[in-house]
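Trainee: Here it is, the structure in full.
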Amino acid sequence: MDRDIETLKGVGETIAKKLGVMGIYTVRDLIYNFPRRYEDYSVLIPVAKITPGPVTIEAQVKQIKGRYVRRGLHITEAVVSDKTGSVRLVWFNQPYRAKATKTDSLYFISGNFEMGRGKQAIMNPNMELASSFPINTARIVPVYRETKGLKSATIRKVMANLAEDIDKLPENLPTNIVKEYELSSHVQSLLGLHFPGSTNEIEVARHRQGFEEIFALSLAALLVKKENDREKALPVPFQEVLARSFVKKLPFDLTDAQRKVIWQIYKDIEKDKPMNRMVEGDVGSGKTVVAAMAALMAISEGYQAALMAPTELLARQHAESMYELLESVGMHREVVLLVGSLKPAEKKRAHERIASGEAKLIIGTHAVISEKVDMHKLALIIVDEQHRFGVEQRQKLQKKAGHMPHMLSMTATPIPRTLALTIYGELDISLLDEMPPGRKPVKTKIVSPNEKARLYKEIDTELERGKQMFVVCPLITESDTLKTLSAEVVYKDFTEKTFKHRKVGLLHGKLKADEKEKIMSEFASGKLDILVATTVIEVGVNVPNASIMLVEGAERFGLAQIHQLRGRVARSTEQGYCYLLMTDSSAPTRRLRAIEQSTDGFKLAELDLEIRGPGAIYGRSQHGQLDLRVANLTDVRLINAARSAAHDFIEKGEKLAKYPELAAQVKENQLVTSLN
C-alpha cells in the first residue's frame, strides 16, 4: 500500500507526475481515490434497436479510415456491424484510431448516438476489444477526478492492473462490527466502487466506506479523549460567594444558557481530570462573560489562566474586556497582554510578571506558550476561535507546567451536531443558544446591482444618525478572472464619489499589525463612518455603534461566513441591517435566500454543511485534511452507528495494531482531530 505509484504497471514518470498533481503518490492514495460519478454503459443492445442518447453495442469493425478535412481538424470514420445491422462511428482529432483498430475484430463500443443532417452516428465513442473484464465500455464506467493530460480512461487502466492486489487486502474492521452493522467486506467495498457490477453494489460499497471513515474519525477523537482523561489537572474549587458577587456587579443579567454553561465548566474544573470543553454560541451570545467567570475561579485560587486568540486584534480586545469585567471584583491588575508587537521592554516586563505569578490571566496569541513564558501554575487555557488545542501544544504545556491544564474552547461558528460529534468527539460541548434580552434580530436583505443607488441613500440616512457601517469584500485587489469588486476598488469609489462626504477606512490582511490596530481603533472610537474590509473582521471585532453590514459579492461567501459577518452588527439593542449585494442581477442562490429568511445560526450551518460540506464552515486551510471521500455528514443514522461501533471497539479493549490500515487512518485523523 505504501509503494510508489511508479512501481505499478502502466504508470511511468509522466503519469506519476500527473497523479502527483492530484495528491496521489502511493498505491494507497490511488485505491482511495474514489470515482466522482459513474456512466452506465452496462446494457448491451443490438444495433437495430439504437435510439438517440448513450448506447453500448458489441459489434465487428468492418472498415475504418481517417482524413484531414481542413487544417487542424481530423475525422476518423468507421462502420461496425452485428447480426441486426450496421452503424457509423465518428471521432474528431483522434488520428491514432484507424491504426489502433483491428478490422473484423469484435469490440465493445460505448458512446452517444446522434442524428442530424441526414446522418446518424455514435460520436467519439470509447471502444475496446470485447472481453470478460472491460475497462472503458460495456460496464458501469467510473469517472475520476482529472487533470491536464490525465483522463479517467488512463486511471481506469491503472486501476484494472490493481484489481488482483485489492482482492488480497485484509479486512480492517473487527468481524463482529462487520456482522452487527451488516457491512460489506473491505475488499468488496473497494472493488464495488472501482469495478461496480450494479448501482446497488455502488450504494452498498459507499455505505461501508462511509461507515469506515466515520468510524476511524470517531475512534481517533475517542482515543484522544481517553489519553486526555489519563492526565492530571489542578482542581479548581468553586467559590459560591465570589461567583455571586461577580454576577451581581455585572451591568446586565446572565441568560439561563450562560448560567447552565458556567455551571458545567465549574463542575468540570473542580476535578483533577482535565476539562476539555467547547462552548458554541452565536455572535453576541455572551461567551466572553463565560470565559471571564471560568478564569475568575482559577486566578482567585492563586493559579494562572491563559486566553489565546487567533489574532493580535482580537487578543487586545479580549484584554480590554477582561480588564473591565474583573475590575468589579478587584482582579483587573492580574491581567497581562502578551502579543508579538509589544516593545521589548513591555514584553520583558510581561514575562517577569508572569514568571513571578503577579500576572494570573495572560491574554495573547499562541505566543503565550512560547519557550520564554514561564507559567508554572497554569490551571486553565481558554482558546478562542481555534476550536481545539493541538497535541504538540499540549505536550509543550505539560513540560512547561508539569501537568495538563483544563481546556476551554470557544467558537461563534455554529457547528451542526453531526459535525461536532464527528470532528470534535474528544470534546464535551456546551451551547449558548440564547441571546441576551433586548437584542433585535438583524434585518437582512438581498440587493441586486441595479438597486445600489437607492440602497446607498438608505445607508447614508443611517450614517447621518451617527451610526457606522462595515463593508466586506471577497478580495483585496482587483482580479482579472473574478467579476467582483475588491476592497481597494470599493474604497476608492467611496472616498472619491459615493461617500466622499464621510470618513472611510480600509482594512485587510496585508496591512501590518500596527496599521490594522490603528484603523480598527479609529473605527471603534467613531472617528471613521465606514470601514471597507475583507473577512479579517469576521472574527471577534466588537463595535456596538456599527449598525450596517454591507457584503459585496455576497454569492461568493458561505452561509456560515455571512452569518458570522452579520453578527458584527448585532452587538447592541439598536436595530442592525445586513445588505447582501450581488455581483449581477441573476436569481439569488438557495444559500442567500436562506440567510435572508433566517437568523438561526445552527439551522444555517446545517444547510451549509448539506450544500458545501465541512470545508465551507471552517475553511479549507483549517480542515483541508478532513478528506471525507464518501461519508455524508448529514447522514445522522450512519454517524450514530459508526460512533457507537467506535465506543464498543474501545470498551472491548480491541487492539488497533491488529488492523494496520485502520491504524494508519486513525493516526492521520488524530492530526485532524487534535491539531488546528
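The values are calculated or read from the model by the stated rules, or taken from the named source; none is laboratory data. All values reported here derive from a predicted model rather than from experimental measurement. Don't worry about glycine lacking a Cβ; one is built from the backbone with ideal geometry, like all the others, and counts go over all protein chains shown. Quick note on the areas: whole protein, heavy atoms, side chains included, nothing else; ligands and nucleic acids left out. Shrake-Rupley method; radii C 1.70, N 1.55, O 1.52, S 1.80 Å.
Trainee: Which condition from (1) open to solvent by less than 10 Å² (accessible area, probe 1.4 Å); (2) in contact (Cβ under 8 Å) with a residue 60 or more places away in the chain is the one that Ser300 breaks?
Mentor: (1)
Trainee: Right, here's the next one. Would you confirm, using the coordinates I've provided, whether Ser189 is at pLDDT 95 or above, hydroxyl-bearing (Ser, Thr, Tyr) and touching a helix residue (DSSP H, G or I) at 6+ places or on another chain (Cβ under 6 Å)? Let's see the steps before the verdict.
Mentor: Details: at pLDDT 95 or above: yes; hydroxyl-bearing (Ser, Thr, Tyr): yes; touching a helix residue (DSSP H, G or I) at 6+ places or on another chain (Cβ under 6 Å): yes.
In short, yes.
Trainee: Return yes or no: is Ile64 over 23 Å from Ile135 (Cβ atoms), in contact (Cβ under 8 Å) with a residue 12 or more places away in the chain and either more than 45 Å from the chain's Cα centre (by Cα) or surrounded by fewer than 11 Cβ atoms within 10 Å (Cβ to Cβ) (or both)?
Mentor: No.
Trainee: Then there's this: Among (1) over 22 Å from Met278 (Cα atoms); (2) open to solvent by 10 Å² or more (accessible area, probe 1.4 Å); (3) part of a helix (DSSP H, G or I), there is one condition Arg208 misses while meeting the rest; what is its number?
Mentor: (2)
Trainee: Here's another thing I want to ask about it. Scan region 459-481 residue by residue and report those that are modelled with pLDDT of 90 or more and either surrounded by fewer than 14 Cβ atoms within 10 Å (Cβ to Cβ) or aliphatic (A, V, I, L, M) (or both).
Mentor: Ile459, Thr461, Leu463, Glu464, Arg465, Gly466, Met469, Val471, Val472
Trainee: If you don't mind, there's one more thing I want to ask. If the requirement is being under 22 Å from Val569 (Cα atoms) and either open to solvent by 10 Å² or more (accessible area, probe 1.4 Å) or modelled with pLDDT under 90 (or both), which of these qualifies: Lys343, Lys287, Lys273?
Mentor: On the way: Lys343 fails: under 22 Å from Val569 (Cα atoms); Lys273 fails: under 22 Å from Val569 (Cα atoms).
From the options Lys343, Lys287, Lys273, the qualifying one is Lys287.
Trainee: Tell me whether region 323-336 contains one or more residues that are part of a helix (DSSP H, G or I), under 27 Å from Arg566 (Cα atoms), at pLDDT 90 or above and aliphatic (A, V, I, L, M).
Mentor: For region 323-336, residues part of a helix (DSSP H, G or I), under 27 Å from Arg566 (Cα atoms), at pLDDT 90 or above and aliphatic (A, V, I, L, M): present.
Trainee: Moving to a separate point now. Among the residues of region 64-122, what is the count of those that are in a helix (DSSP H, G or I) and not hydrophobic (A, V, I, L, M, F, W, C)?
Mentor: Going through region 64-122 one residue at a time, the tally reaches 3.
Trainee: Scan region 563-603 residue by residue and report those that are among the small types (Gly, Ala, Ser), open to solvent by 50 Å² or more (accessible area, probe 1.4 Å) and in contact (Cβ under 8 Å) with a residue 24 or more places away in the chain.
Mentor: The one that is among the small types (Gly, Ala, Ser), open to solvent by 50 Å² or more (accessible area, probe 1.4 Å) and in contact (Cβ under 8 Å) with a residue 24 or more places away in the chain: Ser585.
Trainee: Pairs only if they're at least six apart or on different chains, beta carbon under 7 angstrom, first in region 332-357 and touching a residue at least 24 places away in the same chain (Cβ under 8 Å), second open to solvent by 60 Å² or more (accessible area, probe 1.4 Å) and of a type in the set (Asp, Glu); list them, first residue then second.
Mentor: Pairs found: Ser341/Asp514; Ile354/Asp374.
Trainee: Given the residues Ala513, Ala453, which is the only one that is open to solvent by 60 Å² or more (accessible area, probe 1.4 Å) and either among the hydrophobic types (A, V, I, L, M, F, W, C) or under 33 Å from the mean Cα position of the chain (by Cα) (or both)?
Mentor: Ala453
Trainee: Output the residues belonging to region 559-606 that are over 20 Å from Pro436 (Cβ atoms) and polar (S, T, N, Q).
Mentor: Gln561, Thr583, Ser585, Ser586, Thr589, Gln597
Trainee: A further question follows. Out of Met308, Met297, Met278, which single residue is of a type in the set (A, V, I, L, M) and out of contact with any strand residue (DSSP E or B) (no Cβ under 6 Å at 6 or more places or on another chain)?
Mentor: Met297
Trainee: Tell me, please, whether a residue that is closer than 30 Å to Ser586 by Cβ, in a loop (DSSP other than H, G, I, E, B) and in contact with a helix residue (DSSP H, G or I) (Cβ under 8 Å, 6 or more places away or on another chain) can be found in region 458-470. Walk me through how you get there before you give the answer.
Mentor: Our first condition is that a residue be closer than 30 Å to Ser586 by Cβ; within region 458-470, this holds for 458-463, 469-470.
If we keep only those that are in a loop (DSSP other than H, G, I, E, B) as well, we get none.
Scanning region 458-470, I find no residue that is closer than 30 Å to Ser586 by Cβ, in a loop (DSSP other than H, G, I, E, B) and in contact with a helix residue (DSSP H, G or I) (Cβ under 8 Å, 6 or more places away or on another chain), so the answer is no.
Trainee: Output the residue which, of all residues in region 571-591 that are outside any loop (DSSP other than H, G, I, E, B) and closer than 18 Å to Tyr456 by Cβ, is farthest from the chain's Cα centre (by Cα).
Mentor: Once the filter is applied, the top-ranked residue is Tyr577.
Trainee: Let me ask another. Filter region 170-190 for residues that are part of a helix (DSSP H, G or I) and open to solvent by less than 40 Å² (accessible area, probe 1.4 Å) and give the result.
Mentor: Ile177, Val178, His186, Val187, Ser189, Leu190
Trainee: Tell me whether region 26-38 contains one or more residues that are loosely packed, with under 14 Cβ neighbours inside 10 Å and touching a strand residue (DSSP E or B) at 6+ places or on another chain (Cβ under 7 Å).
Mentor: Checking region 26-38: at least one residue is loosely packed, with under 14 Cβ neighbours inside 10 Å and touching a strand residue (DSSP E or B) at 6+ places or on another chain (Cβ under 7 Å).
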